[in-house]
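First up is the structure itself, then whatever we jot down about it.
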């Protein structure tokens, strides 16, 4: 999924329309999905945190690289939408996993 996001972000002239800032929702959703599935299965505290940091760094790198591509531009607002998506996806996975643990406990 990260490869698809990187390719879609780095192709000249490819991407969602900026009309009504719709592209920010695309950024949010893509990075939310990117964080959700791995966070759902990772255990412990260090692994999810390190993955989140790595994905945030990858997001920053993609935004930085966009500045060097004709027809693309680097954007702090896009990076913020990416970070919000990573955080939202991580929190949603954590809440879902916690709910599953509570339900398993209650079914004993």
Tally, over the stretch 57-97, of residues that are assigned to a helix (DSSP H, G or I) and under 25 Å from residue 7 (Cα atoms)
25
Sort through 100, 54, 35 and tell me the only one that's without any contact (Cβ under 8 Å) to a residue 12 or more places away in the chain, closer than 15 Å to residue 1 by Cα and outside any loop (DSSP other than H, G, I, E, B).
54
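Conditions tested, residue by residue: (1) surrounded by fewer than 18 Cβ atoms within 10 Å (Cβ to Cβ); (2) touching a residue at least 40 places away in the same chain (Cβ under 8 Å).
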residue	(1), (2)
28	no, yes
31	no, yes
43	yes, no
65	yes, yes
73	yes, no
Could you please find all residues in the stretch 65-77 being in contact with a helix residue (DSSP H, G or I) (Cβ under 9 Å, 6 or more places away or on another chain) and within 16 Å of residue 11 (Cα to Cα)?
65, 66, 69, 72, 73, 74, 75
Test set (1) closer than 25 Å to residue 11 by Cα; (2) buried (at least 17 other Cβ atoms within 10 Å of the Cβ); (3) free of Cβ contacts under 8 Å to residues at least 40 places away in the same chain - residue 61 fails condition number
(2)
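Computed from the coordinates by the stated procedures, all read-outs in this text should not be read as laboratory data. It should be emphasised that the depicted structure is a prediction, and the values quoted were computed from it without experimental measurement. Reconstructed Cβ throughout: ideal geometry from the backbone, glycine too, with neighbour counts over all protein chains shown.
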